[in-house]
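K.L.:
Before I ask anything, here is the structure I am working with.
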Ligand code: MN
């Protein structure tokens, strides 16, 4: 059994395409939020119960977050742990700093916390919305993970450029783009007391081997992520401070 989830909601086209592609590999179970929950990161519902609503065979909508979906899938729906968790196909990029805000990544991180081989897959949408291309890539990544396994505490962040499959470049193994967003909130045109959050992605000084650079070359970005946030290089420095 392969567990699928996302942060765009159970009705999202990206999830449907992922489901179709991975069904060729194994039985799939979809446990996804009942609505759009993008950019919600690792939010978890602790102060009220979440409801499960069946949406067909092995499909369930949860009135909670992507992280809630993984908890409910493992704790209440699946009788045994899935062999793989896939989160996506997200409607939009998860490059660079996006990783910290992403509900798509959060679900895959939660899977990794639970010891499941997990990856997130996102379509860097422009105009074409080639979810079929991203689904093709997701199937290939899923096979590789099932063949090779993932080390403890590691997951993959996969981004796919929005192009027809024949135009797709190679798989690039990447590091995280360290560019920042222009973070100035800007006033709503009609309500000057209301502000929009977010801004334009800024180009990094050194783009070599980054996820963003791979996408610009129409390549698939596969970035390994580790959950240990400790800065091991700084341990010694800090010890000298105190
Ligand atoms: Mn999303």
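The values are calculated or read from the model by the stated rules, or taken from the named source; none is laboratory data. All values reported here derive from a predicted model rather than from experimental measurement. Every residue, glycine as well, gets a Cβ built from its backbone with ideal geometry; the counts of neighbours run over all protein chains shown.
K.L.:
State yes or no: is residue 108 in contact with a strand residue (DSSP E or B) (Cβ under 7 Å, 6 or more places away or on another chain) and buried (at least 22 other Cβ atoms within 10 Å of the Cβ)?
P.N.:
So residue 108 passes the test.
K.L.:
Continuing with this model, one more query. Given the residues 79, 27, which is the only one that is more than 16 Å from the ligand (Cβ to nearest atom), surrounded by fewer than 20 Cβ atoms within 10 Å (Cβ to Cβ) and closer than 17 Å to residue 117 by Cβ?
P.N.:
The unique qualifying residue is 27.
K.L.:
Among (1) farther than 24 Å from residue 136 by Cβ; (2) surrounded by fewer than 15 Cβ atoms within 10 Å (Cβ to Cβ); (3) within 15 Å of the ligand (Cβ to nearest atom), which single condition is residue 13 missing?
P.N.:
That leaves (1) as the condition not met.
K.L.:
While we're looking at this one, here's another question. Where the second residue is surrounded by fewer than 17 Cβ atoms within 10 Å (Cβ to Cβ) and in a strand (DSSP E or B) and the first is on the phi > 0 side of the Ramachandran plot and at pLDDT 95 or above and lies in the range 165-179, which pairs have Cβ atoms under 6 Å and are six or more apart or on separate chains?
P.N.:
Qualifying pairs under 6 Å: none.
K.L.:
Within the range 182-210, can you find the residues that are touching a residue at least 60 places away in the same chain (Cβ under 8 Å) and within 21 Å of residue 39 (Cα to Cα)?
P.N.:
Across the range 182-210, the qualifying residue is only 201.
K.L.:
Could you check residue 109 against (1) touching a residue at least 24 places away in the same chain (Cβ under 8 Å); (2) over 19 Å from residue 33 (Cβ atoms) and say which number it fails?
P.N.:
(2)
K.L.:
Also, I was wondering about something else. Just one of 149, 153 is at pLDDT 95 or above, touching a strand residue (DSSP E or B) at 6+ places or on another chain (Cβ under 7 Å) and on the phi > 0 side of the Ramachandran plot; which is it?
P.N.:
The match here is 153.
K.L.:
What are the pairs with Cβ atoms under 8 angstrom where one residue, in the range 16-44, is at positive phi and the other, located anywhere, is part of a loop (DSSP other than H, G, I, E, B) and within 16 Å of the ligand (Cβ to nearest atom)? Sequence gap at least six, or different chains.
P.N.:
Here the result reads 39/7; 39/102; 41/102, each pair linking the range 16-44 to a residue that is part of a loop (DSSP other than H, G, I, E, B) and within 16 Å of the ligand (Cβ to nearest atom).
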